[in-house]
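J.: Handing you a structure now.
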Amino acid sequence: METTITPNRYVEDTHGYTKEGKVYLKGYDGYPDREIGYVRNTEEEALDYFRNRFQLAQQKVIQLHQDVQEAQNKGSYLTKLLQLRKNLLEFDGLGDFPPLLAMLDKLETYLRELISSNQVKNLEIKRALLEEVHQAATAIPDWNEATDKIQEIKTKWLKTGPVDKPYHDEIEGGFDRISDDFFQRRREYYAEQNRIIDERFDKLEDIVAESEKLMRSTEFDEAFVRVRQLQNEWKTVGPVPPKRQSKLWKRFKKATTIFFDRYNAMKGITPRPRVDPRLQELQNIAAEAETLTASVHQDVISKASDRAKELLVKWKDLAPKVKTLDRNVAEKFRLACDKVFELNYLRRVIGYRYPDFDEKPKRDQLKIQIYQMEYLVRKEKGDLEQYLEFDGRIRAYVAADKALFQKVNTQKRKVAVKEMLLVEFKRDLETVL
């Protein structure tokens, strides 16, 4: 026998009731009774269903409260809270809503006070940043440096929260106006610089074009004067990006070289190659360094070592400025300095052990030098092997470490120079009677 369901009874719950097949939530806090659903099977099942739905509302409120407590930027949850309150007032569920709303009210008060406090701090921070960006935009003369500074300030600005609405236009608008004005002036500056550079390139192209016309001229005297003028004009055009200038310079150099070769041939002139005075000075320095190893007398070699150090300082200052320096000259200079330093070190070692070294016969001096140098070579090789042991595993590390790599090379050079001096000592001993 089937049971007949009549969903028209009035069944009351603590927070709601059913009436004529519908489920109602009782009014609270001035809100009227509200229809929240229908009775599908029985009134009891319908009431149970909406009681269970109320638990969802509770969980949302509890979860929001927990999220706010754990969040770093708590103020960002205010909008979510306001939306949740609105949803609760329309939520289809049976339960005690006033405590949930009261919890949200308390949380809202906390967030608004926090936001208000933060906005006061934000206003103070942003006013300071506003002054910084103004200084960067107007007081720093270098555009790239000013741009980097403004970008740095902007990053701090974006990390700082909002200010109260009455100050929004003053603060946010002020920052935008300063930065927009700066970048507009920056665009205008670089546009002007590009225009100037384009004008300079047009001038250089005109110079190259004219030089190529003069390259084959038979009016040698007039052309000579004009080519010289073009060379001077090239120097006064002004700086331009080297990469763009390079091709024009090669064309100009080629044209002038061809013309002067023809001019010299027609006039019977044999041009003397121009020697860079700095190159000549380097060659003189190298030549002097090679004369410093002539004596092993303690006083003389000590002074020679000091002089080699002075020459080395001069060399390091001049060499990077000379593009045509012969590599062999540089290697001879370095070797001469190394030999002086090694001889000076050897002479100090000998002086400790043989105070009367300078009074000994030449043959005895050479034997002492050979003996001591053999010892030093063995010692230096031992130091070098410490860097290159463990079946070559250290080599991979050396290649990756520039400082250690340099140290290994220096040690190798020391060993090589000592071995070279050792060979010279033995050769000299054979010639001494």
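J.: Any idea which residue in segment 319-352 is most open to solvent (accessible area, probe 1.4 Å), counting only those that are farther than 19 Å from Ala308 by Cβ and hydroxyl-bearing (Ser, Thr, Tyr)?
T.: Of everything passing the filter in segment 319-352, Tyr352 is most open to solvent (accessible area, probe 1.4 Å).
J.: Also, quick follow-up: Restricting to segment 353-372, and then to whatever is touching a helix residue (DSSP H, G or I) at 6+ places or on another chain (Cβ under 8 Å) and outside any helix (DSSP H, G or I), can you tell me which residue is surrounded by the fewest Cβ atoms within 10 Å (Cβ to Cβ)?
T.: The residue in question is Lys360.
J.: Go through segment 197-243 and give me each residue that's under 42 Å from the mean Cα position of the chain (by Cα) and small (Gly, Ala, Ser).
T.: Ala209, Gly238
J.: Test Lys60 against the stated conditions and say whether it is at pLDDT 90 or above, under 28 Å from Gln119 (Cβ atoms) and exposed (fewer than 13 other Cβ atoms within 10 Å of the Cβ).
T.: Here the answer is no, as Lys60 does not meet what is asked.
J.: Look at Gly37 and say whether it is loosely packed, with under 12 Cβ neighbours inside 10 Å, modelled with pLDDT of 90 or more and in contact with an Asp or Glu (Cβ under 8 Å, 6 or more places away or on another chain).
T.: no
J.: Could you list, ordered by first residue, the pairs with Cβ atoms under 8 Å in which the first is in segment 140-154 and of a type in the set (S, T, N, Q) and the second is surrounded by 13 or more Cβ atoms within 10 Å (Cβ to Cβ) and in a helix (DSSP H, G or I), at least 6 apart or interchain?
T.: From segment 140-154, the pairs are Thr147/Arg186.
J.: Checking Asp96 against (1) touching a residue at least 60 places away in the same chain (Cβ under 8 Å); (2) under 60 Å from the mean Cα position of the chain (by Cα): exactly one of these is not met. Which one?
T.: Asp96 satisfies every listed condition except (2).
J.: Please specify each residue of segment 83-140 satisfying the condition of being within 25 Å of Tyr17 (Cα to Cα) and open to solvent by 60 Å² or more (accessible area, probe 1.4 Å).
T.: Of everything in segment 83-140, those that are within 25 Å of Tyr17 (Cα to Cα) and open to solvent by 60 Å² or more (accessible area, probe 1.4 Å) turn out to be Lys86, Asn87, Glu90, Asp96, Pro99.
J.: Now for a separate question. Can you find a residue that is in contact (Cβ under 8 Å) with a residue 40 or more places away in the chain and closer than 30 Å to Ile196 by Cβ anywhere in segment 270-289?
T.: No, segment 270-289 contains no residue that is in contact (Cβ under 8 Å) with a residue 40 or more places away in the chain and closer than 30 Å to Ile196 by Cβ.
The values are calculated or read from the model by the stated rules, or taken from the named source; none is laboratory data. Because the structure is a prediction, the values reported are computed rather than measured. Here Cβ is always computed from backbone atoms with ideal geometry, including for glycine, and neighbour counts include all displayed protein chains. Remember, those area values only see protein heavy atoms, side chains included, never the ligands or the DNA or RNA. Shrake-Rupley method; radii C 1.70, N 1.55, O 1.52, S 1.80 Å.
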